[in-house]
Amino acid sequence: KGSAVAARPEVTTVKITPATTSTTVVEEQVWDGASVGDDRPSISVASDKQGPKGLVIEDITIGTGEQALAGDLLEVKYVGALLADGTEFDASWNRNQTFFVQIGVGAVIPGLDQGIVGMRSGGRGLLVMPPALAYGNSGAGSAIPPAAIPAFLVNLMQVSARRRALLP
């Protein structure tokens, strides 16, 4: 696995990141938009489009705080929706909670693991991922069907602790 930190731009761009370390610009956006600001985010989908072949990372708001690196313990808020029709399947906002996760170590699905690394505290990012980087061909329970393409809006609230020393 390569680090996404070096490939992550400091300006607002839309990138598609295949499972390899190369990064190329997306030629056609597969969603309509994502809300900005600190309030509960929303995602508008373009359901007539096919999903990405690699991980799409869009900085909606570029944070000004500490950069998240693999192994860090992060505090985030998120909304997850299906790209096919915009159905929301999970949101930390609904529970009035933040979510703590050690990133880049396999604690969450690969698309989140790879997409959040490189964000800065105070930032909001849109992550759209193919099934191979999400829930695969089996889905997850009744909320996420097989081969679903999820889109996540993630607010990085803070880098809570540096834990890189724990990485193998």
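Exactly one condition in (1) open to solvent by 60 Å² or more (accessible area, probe 1.4 Å); (2) under 9 Å from the mean Cα position of the chain (by Cα); (3) not polar (S, T, N, Q) is false for GLY125; which is it?
GLY125 satisfies all of (1) open to solvent by 60 Å² or more (accessible area, probe 1.4 Å); (2) under 9 Å from the mean Cα position of the chain (by Cα); (3) not polar (S, T, N, Q) except (1).
Of all residues in the stretch 38-75 being of a type outside the set (A, V, I, L, M) and in contact with an Asp or Glu (Cβ under 6 Å, 6 or more places away or on another chain), which is modelled with the lowest pLDDT?
In this case the residue turns out to be SER47.
Does VAL159 count as of a type in the set (Val, Ile, Thr), out of contact with any strand residue (DSSP E or B) (no Cβ under 7 Å at 6 or more places or on another chain) and either open to solvent by less than 70 Å² (accessible area, probe 1.4 Å) or more than 18 Å from LYS53 (Cβ to Cβ) (or both)?
So VAL159 fails the test.
Of the residues GLY104, GLY86, GLY118, only one is at pLDDT below 90 and open to solvent by less than 50 Å² (accessible area, probe 1.4 Å); which?
None of the others qualify; the one that does is GLY86.
Say whether the condition of being crowded, with 16+ Cβ neighbours inside 10 Å and within 16 Å of ILE103 (Cα to Cα) is met by at least one residue in the stretch 136-150.
No.
The values are calculated or read from the model by the stated rules, or taken from the named source; none is laboratory data. Please read all numbers here as calculations on a predicted model, not as lab measurements. Every residue, glycine as well, gets a Cβ built from its backbone with ideal geometry; the counts of neighbours run over all protein chains shown. What goes into the accessible areas is simple: the full protein's heavy atoms, side chains included, and nothing from ligands, DNA or RNA. Shrake-Rupley method; radii C 1.70, N 1.55, O 1.52, S 1.80 Å.
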